[in-house]
Structure formats: structure tokens, C-alpha cells
Amino acid sequence: MSGHSKWATTKHKKAVIDARRGKLFAKLIKNIEVAAKSGGPDPAGNPTLYDAIQKAKKQSVPNDNIDRAVKRGGGLDGGAVAYETIMYEVYGPQGVALLVECLTDNRNRAAMEVRTAVTRNGGTMADPGSVSRLFNRKGVVVVPKAQEGKEVTEDDVLEATLDAGAEEVVDLGESFEVQSEASDVVAVRTALQAAGVDYDSAEVQFVATMDIPVSESDAAAKVIRLVDAVDDLDDVQNVYSNADIPDDVLETVDA
């Protein structure tokens, strides 16, 4: 689940538990393969690949797996990666909008699996453009507050990134989300590194232009069930939503 409410952080934590580690690793490896194919296998000259590798390392993906993914994506092992990106648009409970990003080698399989998961979990497929217009492509860099030997503040992040193109810094509770134009994500990440500030991830995402509050626990549970069902599909890389679920409602649902 990607977004800029605190639910983004909650989903991130859930994604790294051992029961789902294999699925998370597979998605991170696929990102590396696609980045290496599109921009070449040298991270020094391919910022997208560099960031994909860093994200995988921060999630403890073994270096051997990363190296093999780079070679596969870059065609260095004689193989070829044939993934394509497909976006599906979905309406969920409470009028919540979802953008479902797939990386797949079988368009028909991806379409069938997404449609099945959506309809079985209270959602409906939307017409192209009806949901995507509610989102903007943005550069998103996630910065943990607790870092080695220090606590990073919002002022620290702003001071490091403002001249690099940062547009907004969102407090996610245990981390900050730095938003910029998609073309400035590398500059923002580089500025943080130059200032000695570590980051968890740096990538281009779809950010909702306006959130929809989901304040009732029953509705929140339905939204979460839909997102989880779609997010668990092998071909799905990311699910972006404009749902804003308050912490107290999340706690009720988790309980």
C-alpha cells in the first residue's frame, strides 16, 4: 500500500514480516531486473537501478540474489527479461480509488487475477482515466527519523532537500516522506546522502491529489481486505490508494 497517510507506514511494516518475506523479495528482484533492462546493468550510470538495489538491500535481500537479478535484467547471463508494466484502475468501498501497478510477462493472466481479486473483495474495475486522474506521479523518498547516533527532524530533511527540488515533507510517524517532481527524486536522494541523512527508499510513485477519510472500522476493514488481496498477487508490484485511515481505526481493525 502506498500513499501518504500513516497507513503507508503500517503496510510497510506488515510487508516485511517473515510470512511475506519471500513475496516481498520477489517484487524487489523484479524491480531490479526491469531497471537493469531499461537503463543498463551499471548502477553508477543507472540511478533507477541504484535505488532498486538499495531498497532491496535495506530489506535484507541477499547480495547473490541482487547480482543475479542485475545480470538477468542486463542480459549478461544470456537470458532476457520480458516484463511489461500495466496499470489497472479500481474503485473500492467508500468510493476509495486504487491504482494497481503490475509487472508481468503474461498480460492476460495479470488481468484475470486482478479482476478476480477485486470483484471478490468488494471492489469494481474502473474505466481507464477515471482513477488515474486522482493521482500525480511524484518522486518519493522515505527517511527514517531514528538513525544511527541521531534523531532526524523535519528541519534537517527540509534543509538538506529544499534546493534539490523537495516540494513537501510528510510526517509518517516513524519516518518522513519527501515528495518532489518525479524527475527530481535522484537529486533529492543525493542531497540527503550529501548531508549524511540515511533513507529507506527513493522511487517514483503515484500520490493521491486528495485523500478520502475512512473513519469507520467496518469500512476500513473492507478497504484493507481489498488492498491486501490485490497486493498479494504475484504480478502486482504496487497498490496506490487515496484512503486515509486514522490510527485509532487501524488499531480497532487490527484488534
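The values are calculated or read from the model by the stated rules, or taken from the named source; none is laboratory data. Being a predicted model, the structure only gives us computed values, none of them experimental. Cβ atoms come from the backbone with ideal geometry, glycine included; neighbour counts cover every protein chain shown. These area figures cover heavy atoms from the full protein model, side chains too; ligands, DNA and RNA do not enter into them. Shrake-Rupley method; radii C 1.70, N 1.55, O 1.52, S 1.80 Å.
Okay, here's what the table says:
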item	result
Additional length obtainable on full extension of the chain from N136 to K23, 0.36 nm per residue less Cα span	38.0 nm
Carbon/sulfur fraction of accessible area - the chain, other protein chains in place, 1.4 Å, %	47
Overall form of region 22-108 per C-alpha gyration tensor (a/c, 1.5; a/b vs b/c)	prolate
In order through region 129-141: 3J(HN,Hα) via Karplus (6.51 cos²θ - 1.76 cosθ + 1.60), integer Hz, x for Gly, Pro	x, 6, 9, 4, 5, 8, 10, 10, 6, 9, x, 10, 10
For region 124-255: Kirkwood Rh in Å [reciprocal of mean 1/r, alpha carbons]	16.4
Note, ³J(HN,Hα) from phi for region 186-200, Karplus 6.51, -1.76, 1.60, rounded to Hz, x at Gly and Pro	5, 5, 5, 4, 5, 5, 5, 4, 5, 8, x, 9, 6, 9, 8
Amide H within-cut-off set for N242, under 5 Å, with H built and near neighbours excluded	A97
Karplus (6.51, -1.76, 1.60) ³J(HN,Hα), θ = phi - 60°, over region 25-39, in Hz, Gly and Pro reported as x	4, 4, 5, 5, 5, 4, 4, 5, 4, 5, 5, 5, 5, 7, x
Percent RCO, i.e. relative contact order, over the chain, from Cα pairs under 8 Å lying at least 6 residues apart	25
Three-way shape label, region 190-239, alpha-carbon gyration tensor, a/c 1.5	prolate
Net lengthening on full extension, E251/S215 (0.36 nm per residue, minus Cα-Cα)	11.8 nm
Length-normalised contact order for region 28-116 - Cα pairs under 8 Å, 6+ apart - percent	24
Dipole magnitude of region 173-252 about its Cα centre (Cβ charges: Lys, Arg +1; Asp, Glu -1), debye to nearest 20	240
Dipole of the chain, positive direction: furthest Cα of C102, Q179, S215, with charges on the beta-carbon	C102
Reduced Cα scattering model of the chain, Debye log10 I(q)/I(0), q = 0.07, 0.13, 0.14 Å⁻¹	-0.24, -0.86, -1.01
Cα-centred dipole magnitude for region 61-108, charges only on beta-carbon of K, R (+1) and D, E (-1), debye, nearest 20	60
FRET E, pair S60, A146, Förster distance 25 Å, beta-carbon r, rounded to 0.05	0.90
Cut-off under 5 Å, modelled amide H: who pairs with S175 long-range	K145
Only Lys, Arg (+1) and Asp, Glu (-1) charged, at Cβ; the chain dipole about Cα centre in debye	1160
Å² of accessible area per residue within the chain, as computed with a 1.4 Å probe and no ligands counted	48
Over the chain: helical MRE at 222 nm, DSSP H runs n ≥ 4 each giving -39500 (n - 2.57), nearest 500	-13500 deg cm²/dmol
Cross-link pairs K23/K222; K71/K150; K55/K222; K37/K145; K27/K71 - those with Cα-Cα distance over 28 Å	K71/K150; K55/K222; K37/K145
Additional length obtainable on full extension of the chain from N108 to D163, 0.36 nm per residue less Cα span	15.4 nm
